[in-house]
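Some notes on the structure that comes next.
Every read-out reported here was derived from the displayed coordinates using simple, explicitly stated rules and does not represent laboratory data. Worth saying up front: this structure is predicted, and the values here are computed from it rather than measured. Note that each Cβ is placed from the backbone with ideal geometry, even for glycine, and that neighbours are counted across all protein chains shown.
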Amino acid sequence: MNPITESDTNLALRVALRDKDALAEVIDRHAATLTRYAWAIASSRQDVEEIVQDTFITLWSKAGSFQLAHESLLPWLLVVCRNHSLNSVRKAARSRVDALPDELPIREDEALARERLRWVRDEIDTLAPIDKRVCELCLLEGRSYAEAAEMLGLSVGAITQRVLRSRNRLKKAVTPDGY
């Protein structure tokens with residue numbers, strides 16, 4: 001069939017049958033549009049390239065599991081591209097670290113903050129030994145839940161639950177009205 005006149009529906013069927021030529025045709029047909037769309041959301045050229053590539057990888061892996069609502073693959077590809085773009089933005093936001101200035105200003109309420117920190121440490125000391133160690137690792141030392149789980153021989157879910165319970169308890173200890 002002539003690739004210029006072949007419909008996206010037929011190309012999608014051929015991609016589902018693992019036809020690499022059909023995938024190449026879909027890429028030729030829609031890569032420029034997806035790239036412009038990803039540029040509107042992502043922040044770097046590298047992210048855009050990865051997003052477009054991931055979009056076509058998703059098409060390759062899911063081609064047999066969806067049906068097109070229209071004759072064009074483009075709406076489906078744009079939704080997948082948007083999802084990959086938003087995931088990329090979220091990932092970048094999680095990994096972004098704001099640098100602290102070399103000199104932090106001293107605030108008038110420093111004594112209050114120190115007093116609250118004392119309350120927090122006192123409250124941590126009253127926790128069960130395993131919860132105390134989880135708080136020390138995750139909340140004070142800044143270790144990841146996975147690291148703490150490995151160190152303590154617990155699951156990540158157990159660490160998550162213990163941190164959540166401990167944070168709620170600590171929050172009640174340092175807030176005046178207990179909320």
| Looking only at segment 52-84, which residues have a backbone nitrogen under 19 Å from a spot 7 Å from the Cα of ALA16 in the C-beta direction? | 56-80
| remark: Taking segment 1-60, the whole-percent share of alpha-carbon pairs separated by over 17 angstrom is 40 percent
| Within-12-Å neighbourhood charge of ARG29 [Cβ basis; K, R +1; D, E -1] | -4
| query | Between LEU140 and GLN161, what length in nm is gained on full extension when 0.36 nm per residue of separation is reduced by their alpha carbon distance? | reply | 5.9 nm
| request: May I ask you to compute the full-extension gain from SER44 to ALA92, defined as 0.36 nm times their residue separation minus their alpha-carbon distance, rounded to one decimal in nm? | output: 16.2 nm
